[in-house]
Amino acid sequence: MKTQNQKKINTFEDIIVFKKQPKPTTMKYRLCLSLAIILFLTISVLAQKPVKIQFDSNKEVSGQKFAIRDITPGLPTNWDDYNFVVLEFKITTSQRFHIGFTTETGYNELRVMSYTPNGWNKLAIPLKFYRRLPDAALDLAATYNQPRYTGWINLGGKRGPLHNVDSIGIRMNAPINNPSFELRSIALSVEDPGDQYLEDKPAVDEFGQSNLCEYEGKIHSLDLLKKEWEAEDKEVVTTKAYNYSKFGGYLQAKGKATGFFHTERINGQWWFVDPEGYLFLSHGVDCVSPGGGGNIRDLDKRKGMYKELPPQSLNANSPRRGASFGTWNLFRRYGENYPEKSRAMIVKRMDKWGLNTIANWSSPEVMNMNKKAFMFQLRDVGIEGGLMGLPDVYAPDFASKVDAGCKASVEQYKNNPWLIGYFTGNEPSWLEQEERLCSMILDGADQPIKTQLKNWLSQGDSPERRKEFIFKTFRIFLETVDQAIKKYDPNHLNLGIRFGNVMGIDREILEICKDVFDVFSFNCYDLYPKKEMMDRAAKITGLPMIIGEYHFGTVDRGMAQSLWQVNSQQERGVAYRYYTERAYSHAGLIGTAYFQWCDQDLTGRRDGENYNCGLVDVTDRPYSSQVEAIMETAKRLFDIHNGKIQPIDQSPVKPRGHGAIPNFWNK
């Protein structure tokens, strides 16, 4: 007679699926469990029927659906009792692809990027990503990017219950070079079984490059790498080609000199003006920092992925960073003095490339060299992840915390002429989600903002009233921060919040910005920033504008292709010129910041993201086509913004964004 705690194994479903069961400690149970595991492994192998998709690069979208029973017979169709779907697959590219399931309520999908192109791996996807909206987080990236160990996930698409799940769909938007995808098993699990790289060949080589793909310029020996480094070290560089002043302004044009950066509108064109009075366009890059592109996370969960690990001791002074191929390569280049020498090389490169601004998310050590103009984001101003990037301005200590945070951030820079100004925040995720945020506040723990919201809605509860409350709260936040900035540093600019979607932003938000900011800032990942979008923002706010993030990438290096993909490294340079020159042709645009200085980590930063978006790769070598394009554009920006010459009209071949294609399976 079986006890209540003993596992009953009498159906294929009990074997093929990782099901949560009580765990008795009897010898009989252990024997039964061992036999069950053996039986599970045997039947799993027999049941696998690999399927393959050959994506077609001639199509806008390419993909295929498969009946789940043809891959893993006996898998339940109701997934309520499970928390993970586990896939074993191989894909020949690092390009993002969509994985979706057909349910009784329709098709439900999300995007996946693999760290191991050309290798088999097991990826466990949390089913909550399909079932419900993302959890609240500080900004858009933190909301929608979800890290795993053999790849990462970007949330999107339809969400709902996973009932009557009968098929899986795999598709790719604008596939590059006809990649293929193979799937050999699907399983369900209650607990997280972890991810697993299933090949013997390491996925990452000793330099931090992908070990699973070859490409032009890939490094295979330290001697060759040192020769390239030495050639760059010997270059003599000046900024004469750009006619820059000490601070990066244009020597051929002057405004009013105040000793600090400010803005002026001259003959209908907005400009920054540098401390000496020269007109200035902020031609910058985000995340300017030495040793990027090779950080390693979750090493204990990635067995067999690395050929040779870099020493962790090189980052002993950076507790947030462990072992780093980027830092290790700098040590191999410069030796013990790599921190100072690598920062000097950053300035030399910026001089050569015509970049005059160290933009957001950059290293304080690089900014504090006072060799280039810089801008950065304030810290400790009350922004909360649980409120989707909005602070609880009704908390009794809110104002005092903002005051202290601003003092700590800005007071040290009060008299520094190299600083342009401060950002208050980045891509708040509550925009266009105001009603949902109100529901989250009401359903959440007691806190001052909840009390205020209840009082507000007691006078009438409607979507409009909820939006008004969030906007009112937002205004209090911005005004409190602005007052603290001006209290401790009246000399520098309030550069605003780098919004993520300007076209869809409410007019009332733009009106609030008009009353508080000195510059209106936004991020724009697109082929180029649309004139109508910038016209609207400029007209309502009356402010000059900065584009805080944009970029272009491809897949040849084993990394994901960035938020706007192109087909080759050469096309990245073409895309840069096309976007940047069109941006500065707008009379109100006075700054851009390309995201980012170095490629992201091959095996993913903290949120999983691993884009080929850098000006420099993990081996500390510039992308020649990209930086040559930057140099050519830098020489033209003054005349483009003045209207003397037109932007370049060559666009990248088959440029593609990252949005979903609706109703694909119905075509």
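Derivation of every value follows stated rules applied to the coordinates shown; laboratory data play no part. This one's a predicted model, so the numbers in the text were calculated from it and none came from an experiment. Quick reminder, even Gly has a Cβ in these numbers, built from the backbone with ideal geometry, and neighbours come from all protein chains shown.
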What is the angle, in °, between the Cα long axis of helix 398-410 and the longest principal axis of the Cα atoms in the chain? Nearest 10 is fine, range 0 to 90. 60
Give me the one-decimal nm value for the distance between modelled label points at Lys59 and Val237, 7 Å along each residue's Cα-to-Cβ direction. 4.6
Ascending count of other beta-carbon atoms within 10 Å, so fewest first, for Leu563, Leu123: Leu563, Leu123
Quick one: check the C-alpha center-to-center distance for the stretch 61-78 versus the stretch 568-611, whole angstrom. 38
Sort 503-515, 407-419 for me by packing, meaning the mean count of neighbouring Cβ atoms within 10 Å per residue, highest on top. 407-419, 503-515
To the nearest 0.05, what FRET efficiency results for Asn415 and Tyr215 with a Förster distance of 51 Å applied to their C-beta separation? 0.60
Cys598, Cys213 arranged by Cβ crowding within 10 Å, fewest neighbours leading: Cys213, Cys598
Once the Cβ-Cβ distance between Asp443 and Glu182 is put in as r, and R0 is 41 Å, what FRET efficiency do you end up with, to the nearest 0.05? 0.45
Lysines near Lys450 by alpha-carbon distance under 23 Å, same-chain residues fewer than 8 away left out - which ones? Lys401, Lys467, Lys472
What shape does the stretch 235-369 take by its C-alpha gyration tensor, where a ≥ b ≥ c are the square roots of the eigenvalues and a/c under 1.5 counts as rounded, a/b above b/c as prolate, and the rest as oblate? prolate
Taking the stretch 134-238 and dividing mean pair separation by its residue count, relative contact order in percent (alpha carbons under 8 Å, at least six apart): 15
Check the stretch 50-201 and count each lysine pair with an alpha-carbon distance under 29 angstrom, considering only pairs eight or more places apart or from different chains. 20
Once you charge only the Cβ atoms, +1 for Lys and Arg and -1 for Asp and Glu, what is the size of the charge dipole of the chain about its Cα centre, to the nearest 20 debye? 820
Kirkwood Rh in Å, taken over all unlike Cα pairs in the chain: 26.9
The stretch 50-201: Kirkwood hydrodynamic radius (Cα pairs, Å) comes out at 15.7
Unit Cα scatterers, Debye sum, the stretch 520-588: log10 I(q)/I(0) for q = 0.21, 0.28 Å⁻¹: -0.84, -1.23
Counting pairs of alpha carbon atoms under 8 Å apart in space and at least six apart in sequence, what relative contact order in percent does the stretch 243-296 give? 32
Relative to the longest principal axis of the chain, what angle (0 to 90°, nearest 10) does the C-alpha long axis of helix 338-353 take? 60
To make sure I understand the rule: partners must be aspartates and glutamates, Cα under 18 Å from the Cα of Lys372, and not fewer than 8 residues away in the same chain. Which ones qualify? Asp274, Glu276, Asp286, Glu340, Asp351
Trypsin sites (Lys or Arg not before Pro) within the stretch 100-134: DSSP coil, no more than 14 neighbouring Cβ in 10 Å: Arg132
Counting only DSSP beta bridges fully inside the chain, the antiparallel percentage to nearest 5 is 70
Among Thr93, Ser289, Gln459, which residue has its Cα furthest toward the positive end of the charge dipole of the chain, with +1 on Lys/Arg Cβ and -1 on Asp/Glu Cβ? Thr93
For Met559, Met113, order by how many other beta-carbon atoms lie within 10 Å, fewest first: Met113, Met559
Using alpha-carbon pairs under 8 Å, 6+ residues apart, how would you state the relative contact order of the chain in percent? 15
Helix 569-584: inclination vs the chain longest Cα principal axis, degrees, rounded to 10, gives 50
How much length is gained if the chain between Asp380 and Met631 is pulled fully straight, taking 0.36 nm per residue apart and subtracting their Cα-Cα distance, in nm to one decimal? 86.7 nm
Taking r as the C-beta separation of Lys52 and Ile476 and R0 as 51 Å, the FRET efficiency to the nearest 0.05 is 0.35
